[in-house]
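Visitor: One structure, as structure tokens, below. Some questions next.
The values are calculated or read from the model by the stated rules, or taken from the named source; none is laboratory data. All values derive from a computational prediction rather than experimental measurement. Glycine also receives a Cβ, built like all others from the backbone with ideal geometry; neighbour counts cover every protein chain displayed.
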Amino acid sequence: MSDLAIINRVLEGDVEAYACLVDRHYDRCARIAVRIVGNQEDAEEALQDAFLRAFNALGDYEERERFSAWLTRIVVNQCRTVRARTRRREAMFLDVDHRDLTYAVSVPDGDDWPDLERALAQLPDAQREALVLRYADDLTYEEMARITGAGESALKMRVQRAFARLRALLSEVAHV
Amino acid sequence: MFDLDLDLDLERRVAAVLRAPVAASDDARERVMHRVREAARTARPRRRGRPLVSRSARHSLAGVAMAASVGSVAVLSAITPRPASVAGAHAGVIDDSVAASLRDTLRLARLIRDDDRRYAFVVDGARWAPDPSATPVRAGDRLLSLLRVARDSN
């Protein structure tokens, strides 16, 4: 059954049909949310709110847009809200350098992914968000622009700068 | 110049990391549906009569203009008669009102009571911006918009 058919069923009063949309899109949205907010707990909080918001706003969904892109936009905005809240929490614990905590995680020998994961976590929010949408969800820059509200050229620049920053961070690790 | 092969390799590695599945709580989906069922008890989503017009990439100025129109509603609500205790209060932030959640962007109006009303908008949840259609006034390092209000002679 297509997303649109399920949406129509929900709008006709079949609330349980929404579970199909949740099942179908949860993993993809979780991948995006975890990468944007940086941890599973905050990501789940963002996802819970995002799916509820999507349900409440389902009547506003426009058929001309892919449902997945519409949902992604809601997820990204919830992730931004959660990130902002997290930053306020972090500001209350100025004595703790969370980068030290991150580096306390043990790294398996010969596996370079943890280095890359840590480098990704150190990117500025806007750059990481652009990278996640581009590579975790295979979105075009046009779709990314619709989701984030930023211009396509600005998004390309963010991705470019993210790679430059990643290269710098990874080369720092290599020289330690 | 950077090494093109190295760059493609980094791109491939980044894509692999970002596409890797992430762990989720076993009951995460069920918790979503629990909240959905709760919400549906009070109000169920209904198809709007006419779909909203889709929007392309948002221009920042257009965002400010939209915020201005929404914010003006918030400002108008803020300048309605208030209890006497706040009359003549010194300038200061009195409220950060959520003016509206326009589709995907939260916009706020910061209202400052003084002889004039000064306000700005939060655009894209990230930056303050003055109302392009109002007189700008500087307040420290921030540019606000000025709204002069005729006092009720009563």
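Visitor: Could you tell me which residue of the range A:50-76 is surrounded by the fewest Cβ atoms within 10 Å (Cβ to Cβ), considering only residues that are more than 16 Å from residue A:22 (Cα to Cα) and of a type in the set (D, E, K, R)?
Guide: A:64
Visitor: How about the range A:1-75: which helices (runs of 4 or more DSSP H) wholly inside it have at least 2 residues that are farther than 21 Å from residue B:27 by Cα? Lay out the reasoning, then the answer.
Guide: Working: elements: A:3-11, A:18-37, A:40-56.
It comes to A:3-11.
Visitor: Here's another thing I want to ask about it. Mind listing just one residue for me: the one in the range A:1-46 that is closer than 30 Å to residue B:17 by Cα and in contact with a Cys (Cβ under 6 Å, 6 or more places away or on another chain) and, of those, nearest to the other protein chains (Cβ to nearest Cβ)?
Guide: Within the range A:1-46, the match that is nearest to the other protein chains (Cβ to nearest Cβ) is A:33.
Visitor: Next up: Just checking, does the range A:148-160 include any residue being charged (D, E, K, R) and not in a helix (DSSP H, G or I)?
Guide: Scanning the range A:148-160, I find no residue that is charged (D, E, K, R) and not in a helix (DSSP H, G or I), so the answer is no.
Visitor: If we keep just the residues of the range A:125-176 that are surrounded by fewer than 19 Cβ atoms within 10 Å (Cβ to Cβ), touching a helix residue (DSSP H, G or I) at 6+ places or on another chain (Cβ under 8 Å) and under 18 Å from residue A:34 (Cβ atoms), which is modelled with the lowest pLDDT?
Guide: Checking each candidate, the answer is A:125.
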